[in-house]
Amino acid sequence: MNDFLQSKEYKRCVFLCSRRAMLENELLLRKFALEYVPEHYTIDEVRELNIFLNDIFDNDLFDVIMGRKKASAFKDQYNETFLKNIEDFAYNEYYSK
């Protein structure tokens, strides 16, 4: 696990999650990167996640995080698995407590 946390891929993931155009996205994604990613993703998946984080528009991400749109609404545009994981994480953080 320590190798994972020290990998350049994971560090880049944390950076990409922490430096978004919208503060609301940053707050949730940083927590997602620190708590969810190490437990559920491999290094190869983190590489793909980094590409996803570079490609997704913050407004689309915000809509999913805030529950305005479902991840499935973007299935032809972005990696639906990553977006669904973020959607579920956001729901558990903000709405299920």
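The values are calculated or read from the model by the stated rules, or taken from the named source; none is laboratory data. Everything quoted here is computed from the prediction, not taken from an experiment. Cβ sites come from the backbone with ideal geometry, for glycine too, and all protein chains shown count toward neighbours.
Quick notes
- Residue match in segment 85-94 (condition: more than 13 Å from Leu28 (Cα to Cα) and not charged (D, E, K, R)): no
- Candidates Tyr78, Tyr94, filtered to the one that is of a type in the set (Ser, Thr, Tyr), modelled with pLDDT under 95 and under 21 Å from Arg19 (Cα atoms): Tyr94
- Only one of the numbered conditions (1) over 25 Å from Phe4 (Cβ atoms); (2) within 11 Å of the chain's Cα centre (by Cα) is violated by Gly67, and that is (2).
- When every residue of segment 11-31 is checked against the conditions, at least one turns out to be within 17 Å of Asn85 (Cβ to Cβ) and in contact (Cβ under 8 Å) with a residue 60 or more places away in the chain.
- Residues that are at pLDDT 95 or above and of a type in the set (Lys, Arg) number at least 2 in the following helices (runs of 4 or more DSSP H) confined to segment 6-45: 8-18, 23-31.
- Filtered residue count, segment 55-89, keeping only those that are out of contact with any Ser or Thr (no Cβ under 8 Å at 6 or more places or on another chain), part of a helix (DSSP H, G or I) and free of Cβ contacts under 8 Å to residues at least 40 places away in the same chain: 15
- Figure legend. Inter-residue proximity from segment 37-54: first residues free of Cβ contacts under 8 Å to residues at least 40 places away in the same chain, second residues hydrophobic (A, V, I, L, M, F, W, C) and in a loop (DSSP other than H, G, I, E, B), beta-carbon distance below 8 Å, spacing 6+ or different chains. Indicated pairs: Pro38/Met1.
- Just one residue in the set Asn92, Asn50 is exposed (fewer than 15 other Cβ atoms within 10 Å of the Cβ) and part of a helix (DSSP H, G or I); that residue is Asn92.
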